[in-house]
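Single-structure report; data block below.
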Amino acid sequence: MSEKKNEAQLDYERIFSVYEIKWGYNDQKKRDATEKYLKRALEKSFPGRKWGGLSEAEKELFIYIHIKKYMIEKCVLAGKQERISEKIKAHVSDVWLNAANAIYIEKTLRSRYFYDKPAFDAMADDNEKAKAKEKAYKQFKEAMRAFSPDTPVPSLEEWAADNERTPKNIKDYELRHILSHEAVEPEPVKTESKASQADIDHVLLMTIVKILREQKIADIDVGKIEKCLTFINAFHECPIHPLMLRYDADLETGKGGNLKMTKEEQEEYIKRCQDYLYYMGMLDNLSFYEVPGKNQPRKG
């Protein structure tokens with residue numbers, strides 16, 4: 001089989017396996033009709049494109065969403081339809097909800113200011129301050145390499161100097177790199193305007209939310225995700241008393257460390273620490289969606 005023909009060939013066996021369909025000797029007519037339907041469905045879902053040219057996400061979308069109704073109603077035995085339908089829902093829920101969460105985390109990290117200047121300035125010990133900066137820089141560098149591998153990563157010293165003047169996130173470094181690259185090009189090659197990854201991710205996320213809701217698999221609370229991640233990113237641990245969860249009378253006199261905190265300040269900070277743990281638990285469990293027919297959010 002030629003490479004071009006191979007690319008066009010639908011992976012029927014994969015599809016039949018997902019729906020647990022085993023064709024018998026007398027099922028050839030039905031199998032032929034099903035394969036014809038799948039070819040038409042592929043053309044309708046992705047006009048002008050071949051199976052081999054689809055991304056894995058697009059193949060999953062086709063198998064688990066676009067052809068689901070037909071495959072279950074026309075091909076799956078009546079006694080297995082309910083179980084197969086639930087299996088499909090569970091798979092879509094796991095894959096697409098995790099994808100939605102990953103997109104939001106990436107979006108948040110690309111906008112996050114890793115250099116926490118107020119916290120660093122509050123540290124009296126230079127060694128502790130240096131360690132805190134190195135830890136924050138490591139997180140920044142890992143996020144940069146994961147989400148923007150083509151953007152040069154500044155050194156620790158350059159990054160610290162940059163952020164001392166003006167806070168910068170990954171998107172700022174991406175923009176600086178693009179502008180710097182364009183500046184040294186004597187005659188930039190004219191290319192079509194390309195959509196930003198942030199815009200693509202946003203549309204992809206909204207598509208996932210819409211599909212899950214329409215398929216009655218899950219209803220994602222986008223506002224809840226945004227509120228959770230906004231709080232986590234804005235939360236600043238006290239450099240000397242991280243994650244305080246109970247009142248400490250010694251802190252009012254300074255006995256508990258070199259940073260005094262009044263009772264009111266402690267109570268306010270304790271509340272923020274409790275909220276931080278609550279939102280971190282929510283993020284860890286992906287508690288951002290409800291399953292139709294259930295009253296409580298389903299945990300991932």
Ranking 166, 34 from most to least accessible area with a 1.4 Å probe gives 166, 34
Cross-link table 168/271; 141/168; 59/141, entries beyond 21 Å C-alpha to C-alpha
168/271; 59/141
Under-5 Å amide H pairs with residue 286, H placed in peptide plane, nonlocal only:
300
Interchain or sequence-distant (5+) residues whose placed amide H lies within less than 5 Å of the amide H of residue 221 are 289, 290
Using the Karplus curve 6.51 cos²θ - 1.76 cosθ + 1.60 with θ = phi - 60°, what ³J(HN,Hα) values do you get for each residue of the range 80-88, in whole Hz, with x for Gly and Pro?
10, 4, 5, 5, 5, 4, 5, 5, 5
At 1.4 Å probe size, with every protein chain present, just tell me what the per residue accessible area of the range 115-181 comes to in Å².
62
Residue pairs, from the table 29/80; 131/224; 129/227, whose Cα atoms sit over 25 Å apart
131/224; 129/227
Classify the range 1-90 as rounded, prolate or oblate from the Cα gyration tensor: take a ≥ b ≥ c as the square roots of its eigenvalues, call it rounded if a/c is under 1.5, otherwise prolate when a/b beats b/c and oblate if not.
oblate
Across the range 22-33, in residue order, what do the Karplus-derived ³J(HN,Hα) couplings come to in whole Hz, using 6.51 cos²θ - 1.76 cosθ + 1.60 with θ = phi - 60° and x for Gly and Pro?
10, 7, x, 4, 8, 9, 4, 4, 5, 5, 4, 5
Applied in sequence order to the range 260-276, the curve 6.51 cos²θ - 1.76 cosθ + 1.60 (Karplus, θ = phi - 60°) yields integer Hz couplings, x standing for Gly and Pro, of 7, 9, 5, 4, 5, 5, 4, 4, 5, 5, 4, 4, 5, 5, 5, 5, 4
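The values are calculated or read from the model by the stated rules, or taken from the named source; none is laboratory data. Small disclaimer: the values here were computed from a predicted structure and weren't measured. Side chains included, ligands, DNA and RNA excluded: accessible areas come from the protein's heavy atoms. Shrake-Rupley method; radii C 1.70, N 1.55, O 1.52, S 1.80 Å.
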